[in-house]
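Written below as structure tokens is the structure these notes are about.
The values are calculated or read from the model by the stated rules, or taken from the named source; none is laboratory data. Here the structure is a predicted model, which means the values were calculated and not measured. FYI the Cβ positions are ideal-geometry reconstructions off the backbone, even for glycines, and counts take in every protein chain you see. Heads up: the accessible areas ignore ligands, DNA and RNA and are worked out on the full protein's heavy atoms, side chains in. Shrake-Rupley method; radii C 1.70, N 1.55, O 1.52, S 1.80 Å.
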Amino acid sequence: MPTIRDIRAREILDSRGHPTIEAAVITEHSVGIASVPEGASTGKHEAKELRDKSKRYHGLGVQKAVDNIRNIIKPLLVGIDPARQREIDSLMIEKDGFKDKRRLGANAILAVSLACARAAAASEGKELYDYLSQFPQLTKRAQILPCPYFNVVNGGKHATSKINIQEFMIVPRFTSFHDNLRAGSEIYHVLKEIIHPKYGLTGVGDEGGFELPLKKTEEVLRLLRSAITKAGYSGKVDLALDCAASSFYQHKKYHLDGRIFNAEQLLQYYLQLIKKYKLISIEDPFHEDDLVHFAQLRTRSGIQIVGDDLTVTNPERIQLAINNKSCTCLLLKVNQIGTLSEALDAAKLAFDNGWKVMVSHRSGETNDSFIADLAVALGCGMIKAGAPCRGERLAKYNRLLEIEEVA
Ligand code: PGA
Ligand code: ZN
């Protein structure tokens, strides 16, 4: 039986150039390395990452969290089999003592939680997705390659432009992952060819999607529709949105597209967009506590309604959304809850209640591709990891190509 001999941690930088944590769990025969991502449009109910709030890196340093791994978490876990994930996660949760993991830091806890899974998989000589498939929460699920949701235009908190909607996604509908990736990439480049002569700019936002000097949601949707047609994928690629509506909700009103909406008016607006652009999925259409309007949009639109800031990968929040019939799909982000065990509990709760699950990256990412393996093990059929552009996004998509080839 392998046991944890050592745990190392260091401060590294993420794709936005902000500090984050990389941890290594070392056993007699293996090393498991994992790093944690960081959100920009974080839900207020998420687990809390620990930041130094000192002069370094404008307060964003994670040296305290790194020290917590070295001085508190390591002594707690040395000698334990890294495959005892539930026990390891529970020990860290208990030691932290806060529901939101603010003492040790959800970033410190998650880095170790994920690195343990990697170390255990390596000691068993298994691919990570195979190893994760053995978890009790997932034993009844078949491994499948997920369909990618490519975020090709960035707005909201991920861009400096005036577009309020955070993510405009294209969703190819081919059976193989490599065909979906190819479609996503070809459309992305056609979009660039359309944008450049029009606006002169082809800069990208945090998730690799283009930043556009536009103001209205419909202008972007029209542009995407023409890129899909021009690339020859008409009828084979759908459109989806992540509104991240909490980011444009101020003083009890939604400030979108230069207009001010109440929730009912916004709902009507969404229904028009869904019909006109055949949207197949909308994430966070209302602010993060509006369970009721999420539910109304779900019944009145009939399309996939994804909970992200609303549900924050937290079983308690998900149960609330289940009771209110607010969503049909859970966005699963491991760092919103802070341990692998709890993230899998969240997925199981969603599946058991007839929801779908979409695995997700964060806007601040590293080259860690853990979520690609997680999506395959979950057999959830959907992943969003940004545009088919930028190394930290492609790390996930390229890992899926690799899994598709060997699986
Ligand atoms: P975030 O954005 O990582 O900045 O929270 C992703 C999302 O809202 O889905
Ligand atoms: Zn979101």
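Protein heavy-atom surface of the chain, 1.4 angstrom probe: 50% of the accessible area is carbon and sulfur, with nucleic acids and ligands not counted. Only lysines eight or more places from residue 252 in sequence, or on another chain, were considered; those with a Cα closer than 18 Å are 44. Relative contact order for segment 4-125: what percent, with Cα pairs under 8 Å and sequence separation of 6 or more? For segment 4-125, the relative contact order is 34 percent. The charge dipole of segment 4-125, taken about its Cα centre with unit charges on the Cβ atoms of Lys, Arg (+1), Asp and Glu (-1) only, comes to about 520 debye.
For the residues 392, 167, 87, a GNM of the chain with alpha-carbon springs under 10 Å puts the largest fluctuation on 87.
Phi angles of segment 7-19 translate, via the Karplus equation with coefficients 6.51, -1.76, 1.60 and θ = phi - 60°, into HN-Hα couplings of 10, 10, 8, 8, 7, 10, 10, 8, 5, 8, x, 9, x Hz per residue; Gly and Pro are given as x.
About its Cα centre, the dipole of the chain is roughly 980 debye, where the only charges are +1 on Lys and Arg Cβ and -1 on Asp and Glu Cβ. The stretch between residue 271 and residue 226 holds 14.1 nm of extra length on full extension. This uses 0.36 nm per residue minus the Cα-Cα distance.
When the chain is treated as a GNM with alpha-carbon contacts under 10 Å, the residue of 265, 166, 336 showing the greatest mean-square fluctuation is 265. How far, in degrees from 0 to 90, does helix 291-301 lean away from the longest principal axis of the Cα atoms of the chain, to the nearest 10? Once rounded, one gets 50 degrees. Considering only 18, 287, 361, the mean-square fluctuation computed in a Gaussian network model of the chain, springs between alpha carbons under 10 angstrom, is largest for 18. So for the pair residue 252, residue 192, with labels modelled 7 Å out along Cα→Cβ, what separation do we get in nm? Here the answer is 4.7 nm between the modelled labels. Partners of residue 55 within straight-line reach, counting aspartates and glutamates whose Cα lies under 13 Å from its Cα and excluding those fewer than 8 residues away in the same chain: none found. Against the chain, whose longest principal axis comes from its Cα atoms, helix 340-352 is set at around 50 degrees.
For segment 138-406, a/c is not less than 1.5, where a ≥ b ≥ c are the root eigenvalues of the C-alpha gyration tensor, and a/b does not top b/c. That puts it in the oblate class.
Ranking 73, 3, 214 by Cα position along the charge dipole of the chain, where only Lys, Arg, Asp and Glu carry charges on their C-beta atoms, puts 214 farthest toward the positive end. Taking the longest Cα principal axis of the chain as reference, the axis of helix 85-96 is set at about 90 degrees. For segment 73-117, list residues with backbone N below 17 Å from a point placed 7 Å from the Cα of residue 10 toward its Cβ? Inside the label zone: 111-112, 115.
Any of 48/236; 215/384; 101/157; 192/325; 95/356 with alpha carbons more than 29 Å apart? Name them for me.
Details: 48/236 40 Å; 215/384 24 Å; 101/157 25 Å; 192/325 39 Å; 95/356 33 Å.
Going by Cα-Cα distance, 48/236; 192/325; 95/356 fall outside the 29 Å limit.
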